[in-house]
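These notes are about the structure you will find just below.
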Amino acid sequence: AQKVTQAQTEISVVEKEDVTLDCVYETRDTTYYLFWYKQPPSGELVFLIRRNSFDEQNEISGRYSWNFQKSTSSFNFTITASQVVDSAVYFCALRGQTGANNLFFGTGTRLTVIP
Amino acid sequence: EAGVTQSPTHLIKTRGQQATLRCSPISGHTSVYWYQQALGLGLQFLLWYDEGEERNRGNFPPRFSGRQFPNYSSELNVNALELEDSALYLCASTRRIGGSYNSPLHFGNGTRLTVT
């Protein structure tokens, strides 16, 4: 079974603070893919990153960075020097090789950046 | 390139009626996914269509159905609407690369369905 847990329902930070959004996943597949999506107030989900299970390299893209650790089944997302425009709901998602290619989403973390 | 487009943006129906939601994928994408996002419940997988066929469905009753047309656009139909069907319905598309569907899903802005 595939499962994604985002334990943090809501987080509030003051602008310019760093913030880490946690994601823990469960899968029995040896090959799988992890994703992060951002859902701003407008509603559409914006793709941020995909990581496959064979690539444990951490990735940095501007103020965003992702820490993938297979040993703890986690794929955490850090925003450095947060900005008000980062306010959104962030979803972590998992796709395994079984399960007919469904993308399983966590329940999301609502991030509010206070100016 | 145009993104995934969904219509209508908002839809208001009464209990027992039927709702039809439409989705046009990104050009070149053959797979369409439907998700329901009810308040506080995250995204729940509804249906997956690829190359005109239903490939998989989530844990929803049969009154949720749909189809994919030859041009890869898709419809989601919800019959006998219930109050708890009120939600944001998101459509996403992707394409197969080398036999794999692991490219990211691209989402539309959604249709907000309100059942009164």
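The values are calculated or read from the model by the stated rules, or taken from the named source; none is laboratory data. Computed from a predicted structure; not experimentally measured. Backbone-built Cβ (ideal geometry, glycine too); neighbour counts: all protein chains shown. Ligands, DNA and RNA are excluded from the accessible area calculation, which covers all protein heavy atoms including side chains. Shrake-Rupley method; radii C 1.70, N 1.55, O 1.52, S 1.80 Å.
Say whether the condition of being away from every other protein chain (no Cβ under 12 Å), modelled with pLDDT of 95 or more and not in a loop (DSSP other than H, G, I, E, B) is met by at least one residue in region B:88-108. Within region B:88-108 (the criterion being away from every other protein chain (no Cβ under 12 Å), modelled with pLDDT of 95 or more and not in a loop (DSSP other than H, G, I, E, B)), the answer is no, since none of the residues qualifies. Return the residue satisfying two criteria in turn: it lies in region A:16-32 and is open to solvent by 40 Å² or more (accessible area, probe 1.4 Å) and not basic (Lys, Arg), and of such residues it is nearest to B:Ser103 (Cα to Cα). Looking at residues that are open to solvent by 40 Å² or more (accessible area, probe 1.4 Å) and not basic (Lys, Arg), I get A:Thr30.
The rows are residues; the columns are (1) away from every other protein chain (no Cβ under 14 Å); (2) touching a strand residue (DSSP E or B) at 6+ places or on another chain (Cβ under 9 Å); (3) more than 15 Å from A:Arg95 (Cα to Cα); (4) at pLDDT 95 or above.
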| site | (1), (2), (3), (4) |
| --- | --- |
| A:Lys3 | no, yes, no, no |
| A:Val14 | yes, yes, yes, yes |
| A:Tyr32 | no, yes, no, no |
| A:Pro41 | no, yes, yes, no |
| A:Asn52 | no, yes, no, no |
| A:Glu56 | yes, yes, yes, no |
| A:Glu59 | yes, yes, yes, no |
| A:Asn67 | yes, yes, yes, no |
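When B:Ser65, B:Ser27, B:Ser7, B:Ser74 are checked against the criterion of being open to solvent by 50 Å² or more (accessible area, probe 1.4 Å) and modelled with pLDDT of 95 or more, B:Ser7 stands alone in meeting it. If B:Gly58 satisfies all but one of (1) under 17 Å from B:Arg112 (Cβ atoms); (2) touching a Leu at 6+ places or on another chain (Cβ under 8 Å), what's the number of the condition it fails? So the condition that B:Gly58 fails would be (1).
When the residues of region A:73-90 are filtered to those that are of a type in the set (A, V, I, L, M) and open to solvent by less than 10 Å² (accessible area, probe 1.4 Å), the one that is farthest from A:Gln8 (Cα to Cα) is A:Ile79.
Only one entry in A:Val13, A:Val46 is of a type in the set (A, V, I, L, M), surrounded by 13 or more Cβ atoms within 10 Å (Cβ to Cβ), closer than 20 Å to A:Thr107 by Cβ and touching a residue at least 12 places away in the same chain (Cβ under 8 Å), namely A:Val13.
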